[in-house]
Structures are given as C-alpha cells and as structure tokens.
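The values are calculated or read from the model by the stated rules, or taken from the named source; none is laboratory data. Everything quoted here is computed from the prediction, not taken from an experiment. So basically every Cβ, Gly included, is an ideal-geometry build from the backbone, and we count neighbours across all protein chains shown. Ligands, DNA and RNA are stripped out before the accessible areas are found, and what is left, the full protein with its side chains, is counted by its heavy atoms. Shrake-Rupley method; radii C 1.70, N 1.55, O 1.52, S 1.80 Å.
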Amino acid sequence: MDGCFDMMHYGHCNALRQARALGDQLVVGVVSDEEIIANKGPPVTPLHERMTMVKAVKWVDEVISDAPYAITEEFMKKLFDEYQIDYIIHGDDPCVLPDGSDAYALAKKAGRYKQIKRTEGVSSTDIVGRMLLCVRERTVSDTHSRSSLQRQFSHGHNSPKFEDGGSSGTRVSHFLPTSRRIVQFSNGKGPGPDARIIYIDGAFDLFHAGHVEILRRARELGDFLLVGIHNDQTVSAKRGTHRPIMNLHERSLSVLACRYVDEVIIGAPWEVSRDTITTFDISLVVHGTVAESDDFQKEEDNPYAVPISMGIFEILESPLDITTSTIIRRIVANHEAYQKRNAKKEASEKKYYEQKSFVVGD
C-alpha cells in the first residue's frame, strides 16, 4: 500500500490495518515531497516526519521511501520482483492524477489490485480545513462564539462553512466512535505480573512525529506503556477554546495505532493521583522536555505532585522539537497554498467522476 500519509490520522491507520489483514506482510510506500507538490500541493509534514509516522504504525512491516504518486510500469515491476509484492492496495475513494486518470490503472489492469473500505469522517484535507476554520473563527467576529466552535469540534456537529474564491467550505469531525473500532485498534493484552509499567499523559492532538518519538523513548524504559489522553474539556481549559482540533476518540485511536503503546486511558485526569498509580500499578511517570507548556512545574497544583513525592517521576529529553502548535503554524503560514490544494483535489476528483460516468454512459 502507498500514500502521502500527510498529517497522519486514524483514517490512515485504519487503512493500513485493513491492508495488513489481507495478507501476511504489509509493505508501505511513502510518496516523496516533490511528487506530492507536483500532484496535490505542498505537504504539511516533510518526508522524514511522514516516514517516522508510518514506521510507527503497528500493522506496518516495511517502509519504502520516495514512492511515486502514480504506480508506473517500472515501479510496479520493482514491487513484484524486489519486494515480492502480491497485491497493491488502495481505498475505495478515487486517487486521481492531475489529468483526471486513475493512479492505480496499471495495477488494476495487471490483476494485482485489491480495494479496502475508506474510513469515513476524516481526511487530511478535512483536518487542514478544521484548523483554517479555527483561525478564521478566532479573527472574525460572528454569531458563533469560540466556545461554541469548540463544542462543535468536540462533539462532531456541523460547523459554519466558509468560502474562499469559490472553493467549497470545510467541516468539523463527523467521527462516531464504536467499541468495535476501539477493539480493532487495541492490543488486547494487559501487562505481565512483574511488568514495569510506564505512564505518560497529554492531549496528543494532531498526532505527529514528536509524539511518536517521545512515546518510543518512554516505552524503552519499561515493559508496558500506558498513555493517558486528556478529554476535550481539559485540553480546552489548558490550551484555549480553539483546542483540541481532533476530539478525544480521534486522538485515542491515533495513539492506540502506535506500535510503542500498549494501552490508553481515554479521558485521563489532569492530575496523576495516587489512586491512578495504584490502580494501574504504575512504576514510573514520565513527561517530555518539548511540550505546549511547562507551566506544570510552576503551578501550585502540579499535576505530577504525587509521583514526584513518591520518587517515580522523570523528565525525558524529547528527540524532536515539534508540538501541535508547530503543525498549526505551518498550515496558517501557508493557508493559501493549502486552500488551493483542497480546491485542486476537488477539481481532479470531479474530472475523474465525469470521465467515469461518460464511459459508463457510452
């Protein structure tokens, strides 16, 4: 399976999960920055960050860097001969080249193509739209207050659409969590009787390479990594009413898909209490050096006061200097380019469907 995997989210992870279920090994191609720019527009996350994200997904066995956007004869031969690929996988949504043609036409013609169901309710385009809408709502006064917008983000209600140069508006999350989906993403195994359990908590909004790397480091310290994910209300109170961009269950699935994570607490409390430590038999509580804020160290009510007093708290050096705000700043700085990218995608898909309907009608 290949893809851009830009601003990787639980929809990408679910696609990889479905692809892996079709066989014994999953090889994933990550499209180069140059190919994305030529076919879609500028990526939000550069190749090395996208590689980090894909390698961290627990259903992925091998990753190919700098994959082409379209499956060419040459690349297809390389996949079959060098990587022993049996099938090329893609979702049931169209992958359209700038000329309106199908990027997987050759794989289909060769009879080596399989299709999986696309995860409804999320896309990278949608997430970029949420952030652009968020910025617009913060700077333009209208009947929708910021707290109202936050409630819409958190609960998946329709948002006010906005238009730019005739392009279509964006919307917020329509994701509806189910117990089945959570089970599909879960490891289904608890810690062993003498396991050293490491605990790390946070918002994990717009799950990115910085999150992956600190989780990797945390997991290296023990046998079982438990991740606490703060609920939407807590994130809003600490980061502002425009946060989080992704709601609690979306954020939980992204973290669960990470190979370094063994279990999550969905809606973890802000303060790490003695009861939490005892209930989950936590050996060590950790926190990264790169975070949205280090105010907890100055707060009168330090959320880590209990593990600090117990001598089981450690600050970990974060491998990457990336936060959720970093991702948002990238999009805001290039918002015009991303709006053009979204419009370009819509135009290509429209052309694809028009050609398809013409063939059927003919």
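In this structure, the pairs whose alpha-carbon distance is over 22 Å, taken from K78/K114; K78/K109; K78/K117; K114/K189; K55/K238, are K78/K117; K114/K189; K55/K238. As a rough guide to protection, the peptides 189-196, 225-232, 29-36, 112-119 ranked by mean Cβ packing within 10 Å, highest first, stand as 225-232, 29-36, 112-119, 189-196.
More than 26 angstrom separation, counting every C-alpha pair in the stretch 178-335; what % is that? Could the numbers behind the result be given before it?
Details: 2795 of 12403 pairs.
Of all Cα-Cα pairs in the stretch 178-335, 23 percent lie more than 26 Å apart.
Beyond 15 Å, what share of the Cα-Cα pairs of the stretch 239-306 is found? Please give it as a whole percent. Within the stretch 239-306, distances greater than 15 Å cover 67 percent of Cα pairs.
Using the 1.4 Å probe convention, the accessible area of the stretch 1-133 works out to 41 Å² per residue with neighbouring protein chains retained. Among residues other than S186 with Cβ under 12 Å from its Cβ, the summed charge is +3 (Lys and Arg +1, Asp and Glu -1).
Under a Cβ-Cβ cut-off of 12 Å, what is the net charge of the residues other than I198 that fall near it, where Lys and Arg count +1 and Asp and Glu count -1?
Numbers: positive: R196, R216, R217, R219; negative: D201, E220, D223, D262, E263, D281, E314.
With Lys, Arg at +1 and Asp, Glu at -1, the neighbours total -3.
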